[in-house]
Amino acid sequence: VNDLDFRLKWVGMLHRSKRTPGRFMMRLRVPNGIVNSDHFRFYADCVEKYGPEEGVIDITTRANIQLRGVKIEDAPDIIDGLHKRNQTSFQSALDNVRNLVGNPLAGIDDLQMVDTRDLCNALNDLVSLDKVTGTRGNPVFGCLPRKFNIAVSGSRDDFAHTHLNDIGLQPCVHQKTGQMGFNVYLGGYMSIKRVTEAVSANMWISADQNSVVALAEAILSIFRDEADRKDRQKARLMWLVEKHGVEHFKDKVISKIESYGRGAVNDCAQPVPTDKFSRRELLGIHRQGETSKFRVGIHVPTGRLSVEEARDIADMADKYSGGEIRLTVEQNIILPNVLESQIDDIKKELPFSTGSRLSITPGMIEGNVVSCTGAQFCGLALIETKKNAEHFGKKLEQLVKVDQPVRIHWTGCPNSCAIVQAADIGIMGAPAKKLDPVSGKMKAVPGCKIFVGGKIGEEAHLSLDPYVSGIPLDEVDLIPVLVGILKEKFGARDR
């Protein structure tokens with residue numbers, strides 16, 4: 001039991017014993033969320049044999065990939081295939097550093113402040129590459145007190161959601177030297193017992209790779225050696241920061257960095273811009289600066305891809321973006337570097353036609369739905385989320401219209417893997433009761449609590465208290481509540 005349900009997590013194999021016994025979810029490591037068409041075809045080949053219900057590919061809220069339905073006897077071939085493609089599943093679960101999140105527009109954005117691609121790859125190597133053997137799987141950071149999240153933002157948009165991570169790096173120019181760097185934020189995380197935003201470390205680090213890696217190594221080393229291993233509910237970084245106090249913890253980090261003798265450059269936190277800035281949209285067709293190339297954001301409902309859809313994406317990537325595919329924390333896809341002369345053609349592609357799940361121009365409600373795995377596969381989930389999220393998103397789109405995108409996130413339990421507290425409207429699985437017409441008594445049914453008013457970007461803020469609780473998931477019960485919230489809080493109007 002320990003081998004199946006525990007130890008295999010170290011290599012990214014998570015047994016779904018409660019929902020699909022004998023089947024595993026395999027989580028990958030995809031630094032900065034950048035893959036290619038060969039990867040996508042390989043993912044499709046890996047899960048095709050498991051059938052359309054269990055053999056699916058999920059894009060996660062860390063711009064990562066999860067393969068569903070995997071059997072243990074197939075794992076060695078999948079792992080070998082990943083390693084041949086410079087990918088791995090090792091150290092993607094258990095008490096390890098999770099996927100390195102960066103800027104999905106890195107290298108193609110005229111408003112970019114830092115190109116996060118090399119930084120995410122370097123940080124990924126720090127935590128998952130054995131320097132002695134040159135192979136994936138690094139024992140130095142392979143047994144942390146708890147899981148650990150790192151996000152590196154590349155612009156003021158903060159597409160990486162740094163405030164939700166143990167280490168969040170927000171780009172900022174040094175006031176005196178003009179050198180580009182990052183203000184450092186620490187301790188953001190979500191769990192059943194506690195949800196908290198990252199706090200400023202009052203620290204700035206140069207954006208060069210040497211300094212960023214030294215910072216991460218120092219923080220991880222202190223966390224590994226000093227965090228509470230006796231109580232998993234108090235083992236995340238924030239508890240250690242609070243134990244020492246922010247300034248004392250910062251001093252420990254700087255001392256550790258200096259002990260490396262690598263010349264890493266750091267200072268106190270630097271002033272951030274105060275002029276108004278609006279976070280940009282990733283879905284749809286957008287010109288890449290002053291070039292003749294465009295980025296095309298593709299909506300993938302709830303991040304779930306069938307084998308056929310993954311192959312369609314691979315074909316379009318080969319045709320339009322040189323094979324490159326980028327993933328976002330909203331569980332969508334970007335094809336970069338599409339030529340202006342190809343824009344009309346890509347709009348006409350069959351996978352984007354009426355009736356298809358994939359879309360370049362989804363509605364402002366259905367196009368901004370995010371979902372955790374849900375009860376189909378996850379034993380912790382109280383409700384099914386993927387199918388409900390997609391269904392209710394479409395239904396709301398049919399009923400009302402809004403003038404701006406409204407982000408609706410679904411999560412199956414209080415662990416909040418879909419980050420409902422950061423959503424405009426967050427739906428969390430929870431107990432509910434409904435009158436049973438047969439017995440005339442109140443009966444327990446699948447239900448939810450709803451959070452309203454979370455924010456992302458430069459005005460990032462978590463909505464920690466439920467707006468309403470105990471709402472049954474039946475359409476007749478939930479739809480009126482959601483429509484009411486959309487009208488009251490987001491100016492929705494009846495269609």
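The values are calculated or read from the model by the stated rules, or taken from the named source; none is laboratory data. This structure is a prediction, so every number in the text was calculated from the model and none was measured. Every residue, glycine among them, receives a Cβ derived from its backbone with ideal geometry; neighbour counts consider all protein chains shown. Surface areas here come from the heavy atoms of the whole protein model, side chains and all, with no ligands, DNA or RNA. Shrake-Rupley method; radii C 1.70, N 1.55, O 1.52, S 1.80 Å.
If the Cβ limit is 8 Å and pairs must be 6+ apart or interchain, which residue in the stretch 465-492 that is under 11 Å from Leu396 (Cβ atoms) pairs with which residue that is surrounded by 15 or more Cβ atoms within 10 Å (Cβ to Cβ) and of a type in the set (Phe, Trp, Tyr)?
Glu475/Phe392; Leu478/Phe392; Ile479/Phe392; Leu482/Phe392; Ile485/Tyr467
For the stretch 1-15, name all the residues that are out of contact with any strand residue (DSSP E or B) (no Cβ under 6 Å at 6 or more places or on another chain) and open to solvent by 40 Å² or more (accessible area, probe 1.4 Å). Walk me through how you get there before you give the answer.
In the first step, residues of the stretch 1-15 are kept if they are out of contact with any strand residue (DSSP E or B) (no Cβ under 6 Å at 6 or more places or on another chain); the result is 1-3, 6-11.
Scanning the stretch 1-15 gives Val1, Asn2, Asp3, Phe6, Arg7, Leu8, Lys9, Trp10.
Taking the stretch 321-345, which residues are surrounded by fewer than 21 Cβ atoms within 10 Å (Cβ to Cβ) and either out of contact with any Gly (no Cβ under 7 Å at 6 or more places or on another chain) or modelled with pLDDT under 95 (or both)?
We begin by selecting, within the stretch 321-345, every residue surrounded by fewer than 21 Cβ atoms within 10 Å (Cβ to Cβ); these are 322-324, 337, 339-345.
Within the stretch 321-345, Gly322, Gly323, Glu324, Leu339, Glu340, Ser341, Gln342, Ile343, Asp344, Asp345 qualify.
Got at least one residue in the stretch 269-285 being within 30 Å of Arg224 (Cα to Cα) and modelled with pLDDT of 95 or more? First the steps, then the outcome.
We begin by selecting, within the stretch 269-285, every residue within 30 Å of Arg224 (Cα to Cα); these are 269-270.
Within this subset, residues satisfying the condition of being modelled with pLDDT of 95 or more are 269-270.
So far as the stretch 269-285 goes, yes, one or more of its residues are within 30 Å of Arg224 (Cα to Cα) and modelled with pLDDT of 95 or more.
Results for (1) modelled with pLDDT of 95 or more; (2) more than 26 Å from Asp95 (Cβ to Cβ); (3) open to solvent by 10 Å² or more (accessible area, probe 1.4 Å), shown as yes or no for each residue.
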residue	(1), (2), (3)
Gln179	yes, yes, yes
Asn183	yes, yes, no
Tyr189	yes, no, no
Val199	yes, no, yes
Met203	yes, no, no
Ala207	yes, yes, yes
Asn210	yes, yes, yes
Ala216	yes, no, no
Leu220	yes, no, no
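For the stretch 242-262: of the residues being outside any helix (DSSP H, G or I) and open to solvent by 60 Å² or more (accessible area, probe 1.4 Å), which is farthest from Ser211 (Cα to Cα)? Full working, then the answer.
Pass one, the stretch 242-262, residues outside any helix (DSSP H, G or I): 245, 261-262.
With open to solvent by 60 Å² or more (accessible area, probe 1.4 Å) added as a condition, the list becomes 261-262.
On the way: Gly261: 11, Arg262: 8 Å.
Checking each candidate, the answer is Gly261.
Residue-wise test of (1) assigned to a strand (DSSP E or B); (2) buried (at least 20 other Cβ atoms within 10 Å of the Cβ); (3) of a type outside the set (Ser, Thr, Tyr).
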| residue | (1), (2), (3) |
| --- | --- |
| Val272 | no, no, yes |
| Asp275 | no, no, yes |
| Ser278 | no, no, no |
| Ala310 | no, yes, yes |
| Ala317 | no, yes, yes |
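Is it the case that Leu237 is touching a helix residue (DSSP H, G or I) at 6+ places or on another chain (Cβ under 8 Å) and open to solvent by less than 60 Å² (accessible area, probe 1.4 Å)? Before you say what the answer is, go through the steps one by one.
Working: touching a helix residue (DSSP H, G or I) at 6+ places or on another chain (Cβ under 8 Å): yes; open to solvent by less than 60 Å² (accessible area, probe 1.4 Å): yes.
Criteria met by Leu237.
So, of the residues in the stretch 115-136 that are open to solvent by 10 Å² or more (accessible area, probe 1.4 Å) and part of a loop (DSSP other than H, G, I, E, B), which turns out to be nearest to Leu28 (Cα to Cα)?
Step by step, filter the stretch 115-136, then rank; the result is Thr135.
Of the residues Arg224, Arg236, which is of a type outside the set (S, T, N, Q) and either touching a Lys or Arg at 6+ places or on another chain (Cβ under 6 Å) or modelled with pLDDT under 95 (or both)? Walk me through how you get there before you give the answer.
Details: Arg224 fails: either touching a Lys or Arg at 6+ places or on another chain (Cβ under 6 Å) or modelled with pLDDT under 95 (or both).
The conditions single out Arg236.
Find all pairs meeting these conditions: Cβ atoms under 7 angstrom apart; at least six residues apart or on different chains; first residue within the stretch 354-372 and more than 17 Å from Arg407 (Cβ to Cβ); second residue part of a helix (DSSP H, G or I).
Arg357/Pro301; Arg357/Glu309; Leu358/Glu309; Leu358/Pro351; Leu358/Phe352; Ile360/Lys347; Ile360/Phe352
Tyr43 fails exactly one of the following numbered conditions: (1) without any contact (Cβ under 8 Å) to a residue 40 or more places away in the chain; (2) of a type in the set (Phe, Trp, Tyr); (3) crowded, with 24+ Cβ neighbours inside 10 Å. What is the number of that condition?
Among (1) without any contact (Cβ under 8 Å) to a residue 40 or more places away in the chain; (2) of a type in the set (Phe, Trp, Tyr); (3) crowded, with 24+ Cβ neighbours inside 10 Å, the lone unmet condition for Tyr43 is (1).
For the stretch 10-52, what are the residues that are charged (D, E, K, R) and modelled with pLDDT of 95 or more?
Step one: of the stretch 10-52, the residues charged (D, E, K, R) are 16, 18-19, 23, 27, 29, 38, 41, 45, 48-49.
Passing the criteria: Arg23, Arg27, Arg29, Asp38, Arg41, Asp45, Glu48, Lys49.
If you check Asn183, Asn202, which single one turns out to be in a strand (DSSP E or B), touching a Cys at 6+ places or on another chain (Cβ under 7 Å) and farther than 30 Å from Gly426 by Cα? So that I can check it myself, show each step before the final result.
Values: Asn183 fails: farther than 30 Å from Gly426 by Cα.
The conditions single out Asn202.
Given the residues Ala430, Ala444, which is the only one that is within 20 Å of Gly374 (Cβ to Cβ), surrounded by 15 or more Cβ atoms within 10 Å (Cβ to Cβ), modelled with pLDDT of 95 or more and touching a Pro at 6+ places or on another chain (Cβ under 9 Å)?
Numbers: Ala444 fails: surrounded by 15 or more Cβ atoms within 10 Å (Cβ to Cβ).
Exactly one residue qualifies, and that residue is Ala430.
Going through the stretch 154-171 one residue at a time, which ones are of a type in the set (S, T, N, Q) and open to solvent by 10 Å² or more (accessible area, probe 1.4 Å)?
Going through the stretch 154-171, the residues of a type in the set (S, T, N, Q) turn out to be 155, 162, 165, 170.
Gln170, the sole residue that qualifies.
Are any residues in the stretch 62-114 surrounded by fewer than 20 Cβ atoms within 10 Å (Cβ to Cβ) and under 17 Å from Thr328 (Cβ atoms), and if so, which ones?
Gly107, Leu111, Gln112
Quick one: would you say Val406 is among the aliphatic types (A, V, I, L, M), under 19 Å from Arg62 (Cβ atoms) and open to solvent by less than 10 Å² (accessible area, probe 1.4 Å)?
Values: among the aliphatic types (A, V, I, L, M): yes; under 19 Å from Arg62 (Cβ atoms): no; open to solvent by less than 10 Å² (accessible area, probe 1.4 Å): yes.
No; evaluated as a whole, the condition is false for this residue.
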